[in-house]
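The values are calculated or read from the model by the stated rules, or taken from the named source; none is laboratory data. Just so it is clear, the structure is predicted and the values come from calculations on it, not from any experiment. Cβ: placed from backbone, ideal geometry, glycine included. Neighbour counts: every protein chain shown.
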Amino acid sequence: MQAILSVSGISKTYASGFQALKRVSLDIRRGEIFALLGPNGAGKTTLISIICGIVNASEGSVRVDGHDIIKDYRAARATIGLVPQELTTDAFESVWATVSFSRGLFGRPKNPAYLEKVLRELSLWDKKDNKIITLSGGMKRRLLIAKALSHEPQILFLDEPTAGVDVNLRRDMWQLVRSLQATGVTIILTTHYIDEAEEMADRIGVIRKGEIILVEDKAELMRKLGKKRMTLQLQTPLALIPPTLAPYQMELSSDGSELTYTYDTSRERTGIIALLKDLHDASIAFKDLHTTQSSLEDIFVSLVKDTR
C-alpha cells in the first residue's frame, strides 16, 4: 500500500544534550489507523511535533503526501490535522468562531455545512455559540478534534486524544475515527489506553528511548508475540510441582489448586500433548482447564520493559 507519510532518519537532540529521537524511520500507509505506543518520555510527542512542523529535527527528513515538510511547508502542513495533548484554545472565543478561524488559517474557502457536520458528529453543535471557557474538559477535547478537522486534512494526528475523558466520549471519538477512516483519512494516534489500540489500529509501532523497536500489522504482532496460558484446576491440591514437570516451567497457585502453563502459539509444537501425558504419569488429575490469549498490553509491557 502507498505511503502517505515517510519519516527518514529523524533525530532530535536538545540544547541540554538529551537525545529524544535516534534516527527514526517510519512509513505510514494511506488510509490506515496507526497506533504509536511507548512509555512516557519515549519520544512519541517529539516525533509528532517534528512531522507537524512544531519542532525542528536535528537531522533526517519527512515527506507528507510527497511534500517535504521543510521545502514545501505549506502544502505539507495543510495535509495534516493535529489534536494535541494540551487543551490550548482561546477561552473567550466561541466554538463556531474558533473552528472557522482554524479553517481559514489554511486558506480553505468557507464551508459552513462541513463545519456543522463536524460539530454535530462531535456533539458540539448545540454549543456552537458558547464561549470556550464555559465548556467542560470533555467538550474542550472534542473542540480540539473539530479544529484539527476544520481544514479537511488527509492525515489526522491524535496525541493522547482520550486522556481524562469519560467512557461515553471515548466511544464517540472512536466512532468518529472509524467514520473518518472510511472517507480515506489516515489516522495516527498515541494512547495510554492500549485496549483502544488493540481495537482500533491496523498497525502498531512501539517506540522506546527515542528508537522505533517494532512496527507490525496488529494481527501479525498478536500471532508472533502473543502467548497462551493454559490453567488446570486440580482435583487434589499440590504442595510442590513434581521434578518431572520442571521442563514446562509451570506456575503453581498459592493454594496449590491450579497449575498454569504458558506456551507460544506460533511454534509448531506447543508441548501440550507431552504435558498432559506427563501429568497423567505423575498421577496429577485435573477437573477443568481453560486457556487465555495474551493481550496487546501484555505484549507492549514485555517490549518496553527496561532491560538494563
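A few points about this structure:
- Residues that are under 16 Å from the mean Cα position of the chain (by Cα) and basic (Lys, Arg) within segment 25-42 comprise just one, 29.
- Qualifying residue in segment 25-36 (condition: assigned by TED's automatic domain parsing to the domain that holds residue 198, surrounded by fewer than 21 Cβ atoms within 10 Å (Cβ to Cβ), in contact (Cβ under 8 Å) with a residue 24 or more places away in the chain and more than 26 Å from residue 199 (Cβ to Cβ)): yes
- Pair list, Cβ under 8 Å, 6 or more apart: segment 189-209 residue on the phi > 0 side of the Ramachandran plot, other residue modelled with pLDDT of 80 or more: 209/22; 209/42; 209/43
- Qualifying residues in segment 235-277 (those that are among the small types (Gly, Ala, Ser) and assigned to a loop (DSSP other than H, G, I, E, B)) - the one modelled with the lowest pLDDT: 266
- Here residue 140 clears all of (1) under 26 Å from the mean Cα position of the chain (by Cα); (2) in a helix (DSSP H, G or I); (3) surrounded by fewer than 17 Cβ atoms within 10 Å (Cβ to Cβ) except the condition numbered (3).
- Selection status of residue 20, within 14 Å of residue 155 (Cα to Cα) and not hydroxyl-bearing (Ser, Thr, Tyr): no
- Hits in segment 21-44 - residues which are modelled with pLDDT of 90 or more and farther than 18 Å from residue 188 by Cβ: 22, 23
- Note on segment 88-100: residues that are exposed (fewer than 15 other Cβ atoms within 10 Å of the Cβ) and either under 29 Å from the mean Cα position of the chain (by Cα) or within 9 Å of residue 150 (Cα to Cα) (or both) total 2.
- Of the listed requirements (1) over 23 Å from the mean Cα position of the chain (by Cα); (2) surrounded by 14 or more Cβ atoms within 10 Å (Cβ to Cβ); (3) in contact (Cβ under 8 Å) with a residue 24 or more places away in the chain, residue 22 misses just one: (1).
- Test: residue in segment 158-173 that is surrounded by 21 or more Cβ atoms within 10 Å (Cβ to Cβ), at pLDDT 85 or above and among the hydrophobic types (A, V, I, L, M, F, W, C): yes
- Residue-level analysis places residue 182 among those that are modelled with pLDDT of 85 or more and of a type in the set (Gly, Ala, Ser).
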